[in-house]
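What follows is a single structure, written as structure tokens, with notes after it.
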Amino acid sequence: MTVPILIDINFAKRLPRELFCDLRFTELLSENAISVLSHPCDKNEIRRRQEIFAFFEDDGGNLLSDCINGIKRHKKLYYLLCESKTELERLSLRTAGLRQYAVLRGCLFRLSSCTALKEFDTFKNGENEQKTAEEAEKILSDMGGAIISFREKCRLFERKDGEEENERIKRCASALGIPIGERQVSSLKLPPSVASGVLELFPEAVQRLYGILEAYPADHGKELWSYLPQLEFLREMIAMKRKAQGKGLPCCFAKISERRKYEAEDIYDIAVLLIKEELPVGNPAHFFEAERVFFLTGTNGGGKTTYLRTLASNLVFFLGGCAVFGKSASIYPFDTVITHFPADERFENTGRLDDEKQRAEKMLAEAEGKNAFLFLNEVYSGTNEENGCELLKALALSISEQGHFCLCVTHFYRVSELSFPVLSPAGGYRIERTDEKAFSHAQRILKKYGLDKSSLDLRRKNNAIKSAEP
């Protein structure tokens with residue numbers, strides 16, 4: 001059976017595993033969720049996923065939980081079937097699995113009310129499985145009477161003789177104010193000998209069971225398990241969004257930009273809330289085609305690395321079709337996201353600087369020919385300021401010439417002398433553009449003393465008029 005597409009995954013695209021370690025995703029999300037985010041989407045699938053997220057959020061999460069629990073229940077019954085020891089137990093588990101499959105089909109059919117999931121209306125024809133399961137359950141019930149349960153693992157119960165007398169005594173005790181708890185019915189797993197005996201006692205019923213279950217093999221419906229990682233990804237991302245909104249933090253679906261850019265307002269790192277349990281600080285992001293490569297420098301503890309993680313993690317969320325954690329955003333669907341964080345101090349064959357050079361070359365090779373956004377954290381920190389700045393300059397020029405976008409965090413202050421825009425912490429974990437601030441300040445001084453371009457042009461015009469007067 002071919003199942004409808006829940007989330008269309010482009011397996012040809014894959015983000016590097018170290019990216020998710022650098023951004024602390026391994027502490028935030030399950031491996032199932034990370035496996036989905038590992039494959040960035042094109043603009044059409046981003047738009048479709050945003051619609052799917054909105055659908056489940058409007059539902060309140062009930063349908064999402066029903067689908068997840070339904071698949072897990074179906075898997076559990078199958079694994080119990082694989083471990084079963086008797087034929088009677090296998091028949092009962094196949095029946096329970098078929099019933100669960102019918103229930104699960106009903107849950108999946110409800111997804112078709114979402115425009116992006118309209119193909120799930122193919123699940124509406126699950127009546128055959130339901131009728132077959134009901135017929136098999138009736139046969140098993142007749143075989144077991146009141147003392148055998150065929151739910152999951154076959155169990156043998158004691159008879160309920162004298163139940164009416166027990167209920168009368170319980171009512172009398174309750175009238176006298178004497179509480180009596182519910183009677184615990186003891187049970188034990190059906191012994192193989194008893195299971196075999198039941199099969200021999202009801203040969204005709206057993207043959208009918210084989211006949212009606214013949215059309216449904218033991219692994220019937222197993223293909224639906226492929227939805228589980230995707231459903232858990234949806235649930236985890238929705239839970240993260242609700243956590244943020246519960247703290248009064250903004251979230252939104254980013255607009256899909258046709259032009260290459262990354263523009264956002266009050267964007268923040270959700271990991272600060274979920275891991276540190278602190279309220280994160282929002283910051284702007286303004287990366288455009290004209291200015292694609294930025295340096296971020298400043299004192300330690302000012303929020304440089306947090307800002308880098310903020311931009312990188314929200315870009316990954318956007319490429320997964322998820323909401324981004326910020327007030328507003330307009331982002332281009334880049335092909336890939338690459339991070340370069342400091343490695344540990346263990347270098348078997350090379351020193352730290354040589355290792356970073358090799359990693360930088362590998363990073364550029366991975367980005368070649370793609371629309372890439374690179375996030376570099378303290379590259380070349382294993383050398384001095386002068387040498388580090390020269391290496392960073394060469395790397396930034398290569399990134400720019402290849403047409404990539406980049407944010408580079410560094411402690412080398414001399415990068416402000418390079419021909420790239422610079423960001424710096426401004427206190428309170430806010431990040432501001434320092435080269436633009438300095439330019440604006442210079443413009444105000446020039447204007448104050450009438451030395452800016454417009455003032456000089458006006459002065460020349462006035463002088464020309466005076467010179468022309470007789």
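Ile338 falls short on exactly one of the conditions (1) β-branched (Val, Ile, Thr); (2) assigned to a helix (DSSP H, G or I); (3) surrounded by 23 or more Cβ atoms within 10 Å (Cβ to Cβ), and that condition is (2). The residues of the stretch 257-290 that are surrounded by fewer than 19 Cβ atoms within 10 Å (Cβ to Cβ) and of a type in the set (Val, Ile, Thr), listed by number, are Ile275, Val281. Here Phe253 does not fit the description of being out of contact with any Gly (no Cβ under 7 Å at 6 or more places or on another chain), modelled with pLDDT of 95 or more and either under 22 Å from Thr26 (Cβ atoms) or buried (at least 23 other Cβ atoms within 10 Å of the Cβ) (or both). Six or more apart or on different chains, Cβ atoms under 9 Å: show the pairs whose first residue is in the stretch 114-134 and acidic (Asp, Glu) and whose second is not in a helix (DSSP H, G or I). Listed pairs, sorted by first residue: Glu119/Pro4; Glu119/Ile5; Asp121/Pro4; Glu129/Tyr216; Glu129/His220; Glu129/Gly221. With respect to (1) over 28 Å from Gly126 (Cα atoms); (2) modelled with pLDDT under 75; (3) crowded, with 16+ Cβ neighbours inside 10 Å, the lone exception for Ser149 is condition (1). In the stretch 1-117, counting only helices (runs of 4 or more DSSP H) that sit wholly within it, the ones holding 3 or more residues that are crowded, with 19+ Cβ neighbours inside 10 Å span 17-22, 31-37, 43-59, 62-83, 87-109.
For the stretch 409-428, the condition of being of a type in the set (Gly, Ala, Ser), under 28 Å from the mean Cα position of the chain (by Cα) and open to solvent by 60 Å² or more (accessible area, probe 1.4 Å) holds for none of the residues.
Being touching a Ser or Thr at 6+ places or on another chain (Cβ under 6 Å) and open to solvent by 60 Å² or more (accessible area, probe 1.4 Å) holds for only one residue in Lys393, Lys370, and it is Lys370. In the set (1) within 14 Å of Leu37 (Cα to Cα); (2) surrounded by fewer than 24 Cβ atoms within 10 Å (Cβ to Cβ), Val293 fails one condition alone, (1). In the stretch 189-218, what residues are at pLDDT 90 or above, open to solvent by 70 Å² or more (accessible area, probe 1.4 Å) and part of a helix (DSSP H, G or I)? Correct list: Glu204, Gln207, Arg208, Tyr210.
Residues that are over 17 Å from Pro425 (Cβ atoms), surrounded by 19 or more Cβ atoms within 10 Å (Cβ to Cβ) and of a type in the set (S, T, N, Q) occur at least once in the stretch 303-315. Of Leu273, Leu315, all but one fail to be modelled with pLDDT of 95 or more, assigned to a helix (DSSP H, G or I) and more than 29 Å from Leu392 (Cβ to Cβ); the exception is Leu273.
Applying the criterion of being of a type in the set (S, T, N, Q) and out of contact with any Asp or Glu (no Cβ under 7 Å at 6 or more places or on another chain) to the residues of the stretch 11-42, the residue that is farthest from Phe341 (Cα to Cα) is Ser35. Taking the criterion of being closer than 17 Å to Ile338 by Cβ and of a type in the set (D, E, K, R), the residues of the stretch 283-314 that qualify are Arg292, Arg309. Every condition in (1) of a type in the set (A, V, I, L, M); (2) touching a residue at least 12 places away in the same chain (Cβ under 8 Å); (3) surrounded by fewer than 23 Cβ atoms within 10 Å (Cβ to Cβ) holds for Ala323 except the one numbered (3). Might you let me know whether the stretch 229-250 holds any residue that is assigned to a helix (DSSP H, G or I), surrounded by fewer than 17 Cβ atoms within 10 Å (Cβ to Cβ) and in contact (Cβ under 8 Å) with a residue 24 or more places away in the chain? Within the stretch 229-250 (the criterion being assigned to a helix (DSSP H, G or I), surrounded by fewer than 17 Cβ atoms within 10 Å (Cβ to Cβ) and in contact (Cβ under 8 Å) with a residue 24 or more places away in the chain), the answer is yes, since at least one residue qualifies.
The values are calculated or read from the model by the stated rules, or taken from the named source; none is laboratory data. It should be emphasised that the depicted structure is a prediction, and the values quoted were computed from it without experimental measurement. Methodologically, a virtual Cβ is constructed for each residue, glycine included, from the backbone with ideal geometry; neighbour enumeration extends over all protein chains shown. Quick note on the areas: whole protein, heavy atoms, side chains included, nothing else; ligands and nucleic acids left out. Shrake-Rupley method; radii C 1.70, N 1.55, O 1.52, S 1.80 Å.
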